[in-house]
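The values are calculated or read from the model by the stated rules, or taken from the named source; none is laboratory data. Keep in mind that this is a model prediction, so the values were computed, not measured. A quick note on method: Cβ atoms are made from the backbone with ideal geometry, for glycine too, and the neighbour counts reach across all protein chains shown. Each accessible area value is taken on the protein alone, full model and side chains, heavy atoms only, with ligands, DNA and RNA left out. Shrake-Rupley method; radii C 1.70, N 1.55, O 1.52, S 1.80 Å.
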Amino acid sequence: MQTKTYFASSVPMALELARKELGEDALLVTSRPSPSATRALGRLEVTFAWDPKPEPPAAPVPFGAVPFGAAPFGMQRALQTSGIRAQPSELDEIREQISALRLAVARPGGDLAAFHQQPEQHDYLSNRLIDGGLDPDTAREISLAAARRPGDRHGAMLQELSGRLPCAPFPELKAGESRTLAFVGPPGRGKSTTLVKVAARLGLAKRVPVKIYTAGSHGVCGEEQMARFATILGVPFFACESLESLSLALNGDTWKGLALIDTPGISPTESSEITEFAKFFTRCPEIEKHLVLRADARSADMIGVISRFSAMGISRLLFTGVDETLSLGAMAETLLRSKISGTFVGTGQRLPDDLETVSAAGLARAVCGEKACGEKALAAMAA
């Protein structure tokens, strides 16, 4: 029962207004003179009582009447009109499922089966890659893509990871061709040792003429050690105290073959030396700059070194100490994040044996728990 008050000059007039608005069942409750404050509205204050009629129930929402994009709102309305009261958390969960389903169907080649299988595969693949040393964000990105590939999960993960790893095999030099490689990076990374391995394995063993240069001021006995290596290899050696003299030596020589430049170890904080070498390499764009990194370092540290040496226009990444690390995930993470191709990996201290050309498939297998990184290791494993 509800009440409503009218102001009128007489009771019959108030009753007529009430029955028009409230219905014929309106009952007179009280009638009294209006207070002075409301007397201008009418001489009498008349109150009526009535029972409001219940509204008819809303028609149910037919399936498919609500556009797919408005499904969460339409579903909530349908639940309310049907008498079912869903909790806020349940509605949020429904919205999330519909959103994920829309993404799965909208994706090229997406289907409902892939949507239902994806969470299980994603967790399995992501954990495998994280255990292999990849960053969790990188692992999740690769595992989501691998979960959409056909075939077995492990094979899909290897294909997805190897397809993303930038690697550039070293092409064999032909007669009359020339190629110049410079090995740069912080001290203690194995630049000189790697240079000797490259000279022996990819130069002399292939009957390609080799020349060795040193550039800038090396550490104690640095030039003497490289001169001894050159004598043992039986190749010409030139020590250039300045970059100007190195530029003259390279430009004034019509010799064909493999030229290897050993640079001094430069700390990432020595910005003036990095700038000096950057200017030199800008004048000699034909020189390949191989930045030498330790495979047992953290990926964040290697990315920091790459950032500091980026002014040199780094062409390739070269990783040493592969035999001294328990996981090659940091190496793979560095290649993925820098997008600079890797060419060589140093697998030990033996000269010149412990040098391999990096293989994307081999590195992917190593990250996933199989001991393979370079072409030789991959071939041995396949055999």
field: Spin-label pair Ser272/Phe170, simplified geometry with 7 Å Cα→Cβ offset, distance in nm
entry: 3.5 nm
task: Using only protein heavy atoms and a 1.4 Å probe, report how much of Val322 is accessible, in Å² to the nearest 10.
output: 20 Å²
- prompt: Each label point is 7 Å from the Cα along the Cα-to-Cβ direction; what then is the distance between the points at Val11 and Ile340, in nm?
  reply: 10.1 nm
message: Under the 0.36 nm per residue contour assumption, what length would be gained going from the current alpha-carbon distance of Glu224 and Arg350 to full extension?
response: 43.4 nm
query: For the pair Arg298 and Glu241, how long in nm is the line joining their label points, each one 7 Å along Cα→Cβ?
result: 4.2 nm
task: Net charge near Ala139: determine it from the other residues with C-beta under 10 Å of the C-beta of Ala139, scoring Lys and Arg +1 and Asp and Glu -1.
output: -3
3J(HN,Hα) from dihedral phi, region 176-182, Karplus parametrisation 6.51/-1.76/1.60, rounded to Hz, x for glycine, proline: x, 8, 9, 8, 10, 10, 10
- prompt: So, counting K/R as plus one and D/E as minus one, what does the shell of residues with Cβ under 12 Å around Thr214 add up to?
  reply: -2
field: Ratio Rg/Rh [Cα only; Rh per Kirkwood] for region 125-252
entry: 1.17
